Amino acid sequence: MTELAASSQPLIACQECDLLQRIPALPVGGRARCARCGFVLAARPSDPLELPLVLTLTALIVFVVANTMPLMDLSAVGRYASTTILGGAWQMWLDGERITAMIVTFCAVIAPAFFLLLMLTVLLAARRPPLPHWSGELLRWGLHMQPWAMYDVMLLGILVALIKIAELATVNPGVGMYAMGLLAVLLPAISVTFDAREIWKRVEWKHGDELAAAAFADENYVERGR
């Protein structure tokens with residue numbers, strides 16, 4: 001029976017050494033490491049639902065602040081200016097940099113908004129199992145949106161720009177800048193503390209195919225970790 005359950009698990013390639021191996025069922029707080037290089041292939045957090053819910057609510061509030069408050073204040077030769085994320089993207093659009101404006105809008109506004117809202121919906125629904133089958137679809141779309149929320153990359157780009165213009169103007173970081181920095185920490189924290197397999201176990205599948213659902217859950221769980 002144990003060998004049959006182990007053989008039903010999908011083969012996973014270690015992203016460090018490419019060794020193919022199967023991940024067994026993990027206990028709460030457990031981790032699965034690569035048999036060859038020791039890389040952590042999967043982990044099961046001790047609090048897979050409540051802590052991610054708190055972090056998601058916090059991130060959603062910080063997200064609103066980051067997109068409504070000024071990123072920075074600039075003053076030079078008697079002129080003063082400030083802008084928000086959307087304001088900067090709109091100015092890029094007006095200046096003819098439309099592709100860049102769309103990328104900034106998608107990665108800084110649309111993708112993180114969808115990720116946080118979908119995650120919040122799924123985590124709230126998970127408090128009363130079984131979850132309807134559409135919760136699995138919401139989770140899948142949320143995990144697809146997560147890699148596109150690139151606040152860390154955007155923050156690094158803004159810091160480089162600030163260093164370059166510091167000699168030409170007086171720059172003061174705004175509340176939006178600090179909110180972006182906090183989001184760059186909160187979004188990865190949600191991923192680290194969230195266990196997608198706990199959600200898949202609670203989904204009420206239409207056709208009751210538990211084995212296929214479990215295999216699909218494990219595959220998506222490991223892919224999310226990459």
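Data overview
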| item | result |
| --- | --- |
| Theoretical FRET efficiency, 1/(1+(r/R0)^6), r = Cβ-Cβ of residue 57 and residue 168, R0 45 Å, to 0.05 | 0.65 |
| Label-to-label distance, nm, for residues given as residue 140 and residue 94 (7 Å Cα→Cβ offset) | 4.3 |
| Distance histogram in 5 Å bins (all Cα pairs of the range 103-194, percent per bin) | 2, 12, 20, 20, 15, 11, 8, 5, 3, 2, 1, 0 |
| Dimensionless Rg ratio for the range 117-166, taking C-alpha atoms and the 2.2 N^0.38 Å reference | 1.79 |
| Loop sites in the range 127-198: GluC sites (Glu not before Pro), DSSP, at most 16 other Cβ within 10 Å | 167 |
| Over the range 59-164, volume per residue of the alpha carbon convex hull, in Å³ | 109 |
| The range 98-142, accessible surface, carbon-and-sulfur percent (1.4 angstrom probe) | 72 |
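The values are calculated or read from the model by the stated rules, or taken from the named source; none is laboratory data. Worth saying up front: this structure is predicted, and the values here are computed from it rather than measured. Every residue, glycine among them, receives a Cβ derived from its backbone with ideal geometry; neighbour counts consider all protein chains shown. Heavy atoms of the whole protein, side chains included, go into the accessibility calculation; ligands, DNA and RNA do not. Shrake-Rupley method; radii C 1.70, N 1.55, O 1.52, S 1.80 Å.
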